[in-house]
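What follows is a short report on a single structure.
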Amino acid sequence: MSTPLSTPVSTPPIHLSDPLSRMADGLIVIAKRECPTCVLIEPLLQRLAAESTGLTVYSQDDPDFGAGLPGSVHDERLEHSYRLDVEIVPTLIRVEGGREVARTYGWDRVEWQRVSGIDQLGIDLPALRPGCGSMTLEPGIAERLAIRFGKARFTSRQVALGDAEDPLEACFDRGWTDGLPVVPPTPERVLRMLAGTPRSPDEILGSIPPDLAPCTVEKVAINAVMAGCKPEYMPVVLAAVEAALIDEFGMHGILCTTMFCGPVVIANGPVTRAIGMNSGVNALGQGNRANASIGRALQLVIRNVGGGRPGEIDRSALGTPGKYTFCFAEAEDSDWAPLSVERGFAPGTSTVTLFAGEGVQGIVDQKSRTPESLARTFAACMRVVDHPKLAMAGDALLIVSPEHARVFIEAGWSKARLLQELIALLRLPADDMVMGAGGITEGLPASMAGTTVSKFRPGGILIVRAGGTAGLFSAVVAGWAASGAVGSTPVTQEITA
């Protein structure tokens, strides 16, 4: 399925002539009535008209601005202002032979005299006054003008909605949502989202499973709009999508399995602070726009571009609330090395790590004051991941709260030291885990009796630090993995522009 751009009105691009080509020689003034500096220079227009070879005045908001001048034009559609690339009003432009040769903006008496070629112009006015922002730069208007008069073009199918259609309900009706309302992806919103990255809209990131549909930067932007992202989130969303396409992550298998899993996005580096991601209080919960919308955007890309819809190729027996969104930043304000560095990236590099995670299993230990005791608590809780008698085929994401982390840090334990302790504690006697042991049929093959097994596969434990500074609570998230080529391996992708 190709994700559409939805818009209530389908308006074709308009191509009108360049305003400079309409004037061989003369002056152009662009102004608006609501700008005090524009009102200040309005009395000068008669002199400019009389002493120049021609004057055209484009008024952005008032057809009576410059009234009485033959060259006064109400730029109601803002096309002329847009084509002249006006950012500040008033703007004065000198044209010779149909080409711009000089420009100034705001009111600067010396500059207006220079550009106009008229000595003593405005000598009764203050020497300097700042201008105002052009209406062409106002939110929503700038994108609309770029679509109508500029070079902004979309390759995605555009859907025109009927006058009586509610855009929110239309997104539900067309199957573009995850069960919650989405932001209708109008062309203006998508163009604004694309401004969050310098990458070309038609750049293909890869093929999104399960349909293996080509996914462009534009498609990601459409779904980022629907998810509620800000443009500055785009580099993180793009990196998350690219990570999901890495073969080892096994996105197709994550969709098809009847297990509970979905992509967990863990962000590291300066970008998390720049865009306001949450690594602290309620880091795994609601309330933070960046966390919520980035994870949701990835899920919508998989649904809308790749066709990964529940009940179809998504065969999870129960699913998990994390399949709406599961995204957070790691807290990097301690001596513990961040996950990105542990996975081979230089300090200060912004990354996303994708982990095929299930639900959040809380770990409560409010009494351990030594790292040895707390590590044993973690190991005991991690042992029951999936089933106490299953081993050697799974992964686990251990999320350590700041208060628990302090126990280790104050004792001089690094993350690596904690990891090694957990690996040792999670070497288990197979006799307790074989089928039938403890009166439970589930378990390891009887042939493994007498051996020692690892609860998790090699490299299967990831440790991150996150959460509020009050509360001796940590958590473990089970991962989806299995023997052989089945399952998912965590992947890490650098976040670029």
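Estimated at the nearest 10 Å², the accessible area of Thr258 is 90 Å² with a 1.4 Å probe.
What the stretch 375-497 shows is 42 Å² of accessible area per residue, with the surface traced by a 1.4 Å probe over protein heavy atoms. In terms of the mean number of neighbouring beta-carbon atoms within 10 Å, the peptides 203-215, 302-314 order highest first as 302-314, 203-215.
Summing charges over neighbours of Val477, with a neighbour being any other residue whose Cβ is under 10 Å away from its Cβ, gives -2 when K and R count +1 and D and E count -1. Database note for the chain: Cys without another Cys beta carbon under 4.7 angstrom, Cys171, Cys215, Cys229, Cys256, Cys261, Cys327, Cys381. Note on Asp211 and Cys256: the model spin-label points, each 7 Å out from Cα along the C-beta direction, lie 1.8 nm apart.
Per residue, the accessible area of the stretch 188-250 comes to 33 Å², computed with a 1.4 Å probe over protein heavy atoms only.
Charged side chains reduced to their Cβ positions (Lys and Arg at +1, Asp and Glu at -1) give the chain a dipole of some 940 debye around its Cα centre.
Extents of the stretch 10-164, largest first, come to 57, 32, 25 Å (Cα atoms, principal axes, whole angstrom). Bridgeable lysines around Lys367 (alpha carbons under 28 Å apart, same-chain partners fewer than 8 residues away excluded): Lys389, Lys415, Lys455. Between amide H atoms placed 1.01 Å from N, distances below 5 Å from Met259 occur with Ala317, all of them 5 or more places distant or on a separate chain.
Which of the lysines could a cross-linker span from Lys219 if the Cα-Cα distance has to be under 25 Å and same-chain partners fewer than 8 positions apart are dropped? Reachable lysines: Lys151, Lys230, Lys323. Helix 217-227 axis versus longest C-alpha principal axis of the chain: approximately 80°, rounded to the nearest ten.
Around the amide H of Ser72, modelled in the peptide plane, lie the amide H atoms of Val57, all under 5 Å away and 5 or more residues distant in sequence or on another chain. May I ask you to compute the full-extension gain from Glu111 to Glu248, defined as 0.36 nm times their residue separation minus their alpha-carbon distance, rounded to one decimal in nm? Roughly 43.1 nm would be gained on extension.
Against the longest principal axis of the chain, how steep is helix 289-304, in degrees 0 to 90 to the nearest 10, with axes from Cα atoms? Here the helix axis deviates by roughly 80 degrees. Note that the stretch 387-392 has calculated 3J(HN,Hα) couplings of 5, x, 9, 9, 7, 6 Hz, one per residue in order, obtained from phi through the Karplus relation 6.51 cos²θ - 1.76 cosθ + 1.60 (θ = phi - 60°); glycine and proline are x. When the residues Asp166, Asp333 are ordered by accessible surface, computed with a 1.4 Å probe over the protein chains alone, the sequence from largest down reads Asp333, Asp166. Near the amide H of Ala356, within less than 5 Å, lie the amide hydrogens of Val264, Trp480, all on another chain or at least 5 residues away, with H placed in the peptide plane. Shape analysis of the chain based on the Cα gyration tensor places the equivalent ellipsoid semi-axes at 61, 25, 16 Å, largest first. Measuring between their Cα centroids, the stretch 165-205 and the stretch 300-370 lie 24 Å from each other.
If R0 equals 25 Å, the separation of the Cβ atoms of Asp432 and Ser373 corresponds to a calculated FRET efficiency of about 0.70.
The values are calculated or read from the model by the stated rules, or taken from the named source; none is laboratory data. In this text, all values refer to a predicted model and were calculated from it rather than measured experimentally. Reconstructed Cβ throughout: ideal geometry from the backbone, glycine too, with neighbour counts over all protein chains shown. Heads up: the accessible areas ignore ligands, DNA and RNA and are worked out on the full protein's heavy atoms, side chains in. Shrake-Rupley method; radii C 1.70, N 1.55, O 1.52, S 1.80 Å.
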